[in-house]
Amino acid sequence: MAGDASPGPRRVLLLSGSIGAGHHAAARAVAEALNTAWPDAEVVTGDVLAGMGTGAPRTFSGIYATSVRALPWLYGLYYWLLAHVGFFRAGTRAVLGRWSARGIAPLLARHRPDLVVTTFPEGVQGLARLRRAGRLSARAVVVPADPAPQPLWCDADLDAHLVTTEEAARRVRRSAPGAVVHVVGWPVVSAFHPPAPAERQRCGVADVQCQQRRIADNARPRLRVLVSAGSLGFGDLPAIAAAVLAAGADPVVATTDRAARARLDVLAAAHPGRVEIHRWIDDPATVTRGVDAVVTTGGGAGAFEALACARPLLVADPIPGHGRDNARLLARAGLAQRCAGPAGLTDALRRLADPELHAARVAVLRDRPPREDLADALVGRRVERMRSQDALFWHASTTRVPQVLGARITIDTPADDATDWPAFVADRVRERGAGIALLARRLDDAGPLRWVPAVPDPDRHVDPVLRHGDADAVTSTAAVGAPVDPRDGGWRITVARTGPREVSLLAAAHHCLGDGLAVTDALVRLLTDEGATVPAGSRPADGPIGPDRAARRALARRRAAGIAALARAGGARRGALGGRSRRGRSRGDRSRGGAVTTRLVTRIVDAGEVRTVARALGTSTTIVVLTLVAEALAAPGATTVRAMVPLTARLRAGADADGTGNRTAAVAVDLPVAPAPVRRRVAAVADAVARAQGSGQAEGSAAVLSALRCLPGPAQRLFARLTYHGRFFHLIVSVMPGVRRPLHIGGGLVREVVPVLPLAEGVGVAVGALAWGRTLGLGLSVDEAVLGGDDLLARVDAAWTGLIREAGVASEGEDGPARRLDTVR
């Protein structure tokens, strides 16, 4: 069994920003949590503003401080526009994302982290832009330095947002629908904690003398109150201190502003021994634990620190924008009291001087239910229930037809290559595996199906022996129906020398770990020197926050229509791939076959040639592949065969960006296989695909799979084995995006990647197509015991000849009638 110790990061990039001290305070909390949980992790910090230009830190900080102090209405207007006006929000995100990404990208290239954490909103936008561009493969986590996250803190393209209240979590989900949100403990260093019951002393700031100042010791005690205005000292601190004095309490104030200090000195002179004034507090944790209450002007770090120490929090004179937003959220959550001006603060402190009320407030904060551990949430270390979309393939898998998919990755090597490739792959697993969620978990089936963290063990996941042989033969042995058990990690890599100048990495993974795109993405991140990702498109541009009622109703109608379309489609016609072959021989029997009779056959074609054929025929690459399959299966007397075609539901760059698992929805396409001219067949296939997509089948099948979670395990298993079966479809065809730019493994160019798809009970052929660089790899999993008939690979070659002849890409005289697909090998 894979190790159960939770995987931790090896290299962490921590991004903050030099505006005030709050962002750095949150970053210190993150660093401490990581260093405590994983002492061997290398944590590197970076300043996002510093990467935006030489003068950016001073300029941004100056503009921010000046606008808050001198033009508070302007800063408030900016914040309102950001929260409520879509085009303003989108434009701000675009500008800040492009600007900050230029500084973050070199940090990523230099440190190659497997975890990136940002405590600065500009860092959020830069990381999101890099993720959408496919340039960020590491896990990216947002830790807002404010209790109330504004829209710039939120982006669903990043992996997680760690907030401190349920209200904050709802805000993130409204600003970034689909975002993953965790509610964690206060993002402060461990020195900020409630005073121990025996800790009776309240230590001063000016000296080390301590006073016995327990609230219950006097009938009318004087509270000691810390006035926290952040490192920039926002707010009218003398007025707040005067309000504290008016309540009969003693203020502790720190400020570097000369004018404010002069006014505070006057107060101190009028109230000898009651006002503590300091330029800076070197040990804020000790001071916070030693006071009876904290007054803040709305800063995030000061509020978090007070709450972590279980000190009653009052918000007075909050700064516009995020300060007032923080005050509203904390008040609604029952964590702070918002005071209307100095008079309101005085009244609140007078009431708080009552020992019973003070004790009750402290008890509420002390007894707050524990939230998720910050370190666990940073790395995604959680036990998660298996999604019903993934459980489908666990339940559909049988001993005879296991649900195992994979890929063959072919690397160009020099003739005298002496690399110990199994050891190289084992080292990559050891270095990177723990940081790739799909590879760092195992299935626990004792009770409800759930994923638990597991450290990938190279001894279990990598075959130590270098194999030799024909590429298709060794792939059939190593990847088709490989005995991979998700309860033991569920994946394995074998290395084979498949030619004098090439090495092939043969990967097998259980289908419940993820779809073909997710598995390929995990392999690319694990193995390539560049640590790249497989792009999966882009999320739509910013629009209104969350779907409106009309959109939800339209989606519901489409799901209902899709479920109805699937029901009308019914079962697949018996004998469509059975009966008699075109030569009169008996076809296969779908009740027979399995992994032992399944082999993989492959073809490689120039991807540019495929695109040229598609353009010449006025269609897409996907339609060309489906037409190729239909042409190969065409036979006299045949009409249609039903293909199950998965469509990705991933909307963001980086396949893993939307989480691990199966993120596809299938449509049933009736491919025309009656004898017909090529162009007519292309048009018929395109029309069949358009009908299937337009019927809402994808949305309907996704809704059905989501509803499966409501059924008990045995019912889910019965449903999976009844529906994921040859009685409903004849074959599987999946066309996946890949990577066009050159990538390398161990210094060798990755020349081609061929997908390996699993079959289903009663299904005799599965076709996977994956574009990679200059190539398009076709992998055909064929079970002749089920399929029977002529050699399918020869028929595919003949079909490709007909397609390129019809498209005018190559003439018969130039390449001959038996032109094969593997033209670039």
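The values are calculated or read from the model by the stated rules, or taken from the named source; none is laboratory data. Quantities reported herein were computed from a predicted structural model and do not represent experimental measurements. So basically every Cβ, Gly included, is an ideal-geometry build from the backbone, and we count neighbours across all protein chains shown. For the accessible areas, the whole protein counts, side chains as well, though only heavy atoms, and no ligand, DNA or RNA atoms are used. Shrake-Rupley method; radii C 1.70, N 1.55, O 1.52, S 1.80 Å.
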How far is helix 258-270 tilted off the main Cα axis of the chain, in degrees rounded to 10, range 0 to 90? 40 degrees
DSSP beta bridges in the chain [antiparallel fraction, %, rounded to 5]: 55 percent
5 angstrom amide H check on HIS278, placed H, neighbours 5+ away: VAL253, ALA254, THR255
Run lengths n ≥ 4 of DSSP H only: what is the helix-derived mean residue ellipticity at 222 nm for the chain, with -39500 (n - 2.57) per run over all residues, to the nearest 500? -12000 deg cm²/dmol
Do you know the relative contact order of region 87-141, to the nearest whole percent, from alpha carbon pairs under 8 angstrom that are 6+ apart? 44 percent
In whole Å, how far is the Cα centre of region 664-718 from that of region 502-523? 24 Å
Reduced Cα scattering model of region 600-737, Debye log10 I(q)/I(0), q = 0.12, 0.15 Å⁻¹: -0.58, -0.88
For region 429-492, report the convex hull volume of the alpha-carbon atoms normalised per residue, in Å³, without decimals. 98 Å³
Based on the alpha carbons, how large is the Rg to Rh ratio for region 233-347 when Rh follows Kirkwood? 0.94
Let me know the Rg and Dmax you get for region 671-811 when you use only its Cα atoms, in Å. 18.7, 58
Largest-first principal axis extents of the Cα set of the chain (Å): 110, 60, 50
So how long is each side of region 1-141 along the principal axes, counting just the alpha-carbon atoms, biggest first, in Å? 60, 30, 29
So what is Rg over Rh here for region 1-75, counting just Cα atoms and using Kirkwood for Rh? 1.19
Leaving out ligands and nucleic acids, note down the accessible area per residue over region 115-171 with a 1.4 angstrom probe, in whole Å². 17 Å²
Between region 315-374 and region 243-292, the alpha-carbon center distance in angstrom: 20 Å
For the chain, longest principal axis from Cα atoms; helix 516-527 axis from its Cα atoms; angle between them, nearest 10 degrees, is 70 degrees
Round to a whole number: what % of the accessible area of the chain belongs to carbon and sulfur, probe 1.4 Å? 54 percent
With every protein chain kept in place and a 1.4 Å probe, region 625-777 has an accessible area per residue in Å² of 35 Å²
Relative compactness, region 337-401, computed as alpha-carbon Rg over 2.2 N^0.38 Å: 2.35
Give the relative contact order (percent, whole number) for the chain; include only Cα pairs under 8 Å separated by 6+ residues. 13 percent
Which peptide among 665-677, 518-530 comes first, and what is the full order, when sorted by highest mean count of other Cβ atoms within 10 Å? 518-530, 665-677
Can you give the convex hull volume of the alpha carbon atoms of region 723-804 per residue, in Å³? 129 Å³
Cβ neighbours within 10 Å, averaged per peptide: list 40-53, 477-490 in order, most packed at the top. 477-490, 40-53
Nearest 10 degrees, 0 to 90: what angle lies between the long axis of helix 121-132 and the longest principal axis of the chain (Cα atoms)? 0 degrees
Given a 1.4 angstrom probe, what's the average accessible area per residue across region 244-351, in square angstrom? 37 Å²
Give, as a single signed number, the net charge of other residues whose beta carbon lies under 13 Å from the beta carbon of GLY696, with Lys and Arg counted +1 and Asp and Glu -1. +4
